[in-house]
Amino acid sequence: MNQPLVSVVMPVCNVERFLAESIESILGQTFRDFEFIIIDFGSTDNSTSIVSSYAARDNRIKFHKIPNCVLPAARNAGCSLAQGKYIAIMDADDVSLTNRLALQVDFIERRSEIALLGGATEWIDATGRSLGAHHVPSEYYEIQSALATRCPFWHPTILIRKDIFLIVGGYRAAFIFAHDYDLELRIAERFECTNLKQVVLKYRIHPFQVTFHSQRQQTLYKLAAQASAIRRGHSKLDPLEGARKITPRLLAELGVGEPAQQNALASDCRNWIRSMSAAREYSAALDAARQMLGSRLNYVERWQIADLRLAVARLYWKQGRFVRSAVTAGHALITRPLILARPLKLFLRWFRF
């Protein structure tokens, strides 16, 4: 096989339920000039045999098994093997649309200034049911503004120039659950990035996602990535270069104290609950909400606590636990009586002439 234009890199670890569909979505691309690097980093289910069966039938698949490690290390291992001019990131529980690579390669080949290119997504649940499209900013100034507080890219949609990936040093293992955000921040500081407005991938929402399974840690790592970027902007020196572990204490030393940490955790938990509820994963959403409400909240703003309790009340209601729902809604009202204004506003809007 000649040197491909694109190297698709997909890490795999215990994802047998969705793996075949993800692999087939890459093998079925209308764009054909690619290699497909799959890195298994410690599966104990049938993932290895599933990949092996596809590799035996399609020589574009380059299958490698490595010892169990953190996800960013597995991604780096795959990207280090890439022969292509571009690296396309893929996750083993998502589904690329058949024209994803064709759209992205056509765009980036015509825009030599673009270092990283993402795209919009359609969210789906564990069964493949559509949860609607989720769009992303496409203008560079919008992306730069968004990066200060959130990640404006869906990581399994991105296509990166390999030379840029190497210049910035790839993924940093310390940012285990925000390694994608950290990488994108470092690339966007020095190079232009953008998103396609078209949907290029079906992004699966399910309770076993790394993103959601480790939501608390992801919030802390996200805050660390932001603090690290701010320090680089001020002094050009990265305080977390070479860091081995991100801890709440380290965040506090970077100026992100416990109040900011607690409020970010509460805010991200509320977003997590919305996503799980949209996917009808009510039990997972309820567990997360109750765990958050049972943690230290002494610095969390009262409206956030009330909103979390309202979310729990709604989840109890969906499960048919009406008495618990009413009691929890009452606790939310006691926490912040102003939340009563929400249904009143809806009522007044309904009867407004």
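The values are calculated or read from the model by the stated rules, or taken from the named source; none is laboratory data. Note that this is a predicted model, so its numbers are computed, not measured. Ideal geometry is used to build each Cβ from the backbone, glycine not excepted, and the neighbour counts take in all protein chains shown.
Observations on the model:
Conditions tested, residue by residue: (1) within 17 Å of residue 171 (Cβ to Cβ); (2) touching a Lys or Arg at 6+ places or on another chain (Cβ under 7 Å); (3) assigned to a loop (DSSP other than H, G, I, E, B).
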| residue | (1), (2), (3) |
| --- | --- |
| 39 | yes, no, no |
| 51 | no, no, no |
| 57 | no, no, yes |
| 69 | yes, no, yes |
| 120 | no, yes, no |
| 131 | no, no, no |
| 145 | no, no, no |
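- Search result, residues across the range 113-129 that are farther than 14 Å from residue 200 by Cα and modelled with pLDDT of 95 or more: 113, 114, 115, 116
- Test: residue in the range 236-251 that is assigned to a helix (DSSP H, G or I) and among the basic types (Lys, Arg): yes
- No other residue among 339, 273, 305 is at pLDDT below 85 and β-branched (Val, Ile, Thr) apart from 339.
- Identity of the residue in the range 219-245, within 14 Å of residue 178 (Cβ to Cβ) and modelled with pLDDT under 90, that ends up surrounded by the fewest Cβ atoms within 10 Å (Cβ to Cβ): 245
- Within the range 110-122, tally of residues that are more than 17 Å from residue 87 (Cβ to Cβ) and surrounded by fewer than 21 Cβ atoms within 10 Å (Cβ to Cβ): 4
- Where residue 216 falls short, out of the listed (1) surrounded by fewer than 22 Cβ atoms within 10 Å (Cβ to Cβ); (2) of a type in the set (Lys, Arg); (3) over 21 Å from residue 292 (Cβ atoms); (4) in contact (Cβ under 8 Å) with a residue 24 or more places away in the chain: (3)
- Cβ-Cβ contacts under 7 Å between residues 6 or more apart (or on different chains), taken from a first residue in the range 12-35 that is on the phi > 0 side of the Ramachandran plot to a second residue that is outside any loop (DSSP other than H, G, I, E, B) and buried (at least 17 other Cβ atoms within 10 Å of the Cβ), are listed as 14/47.
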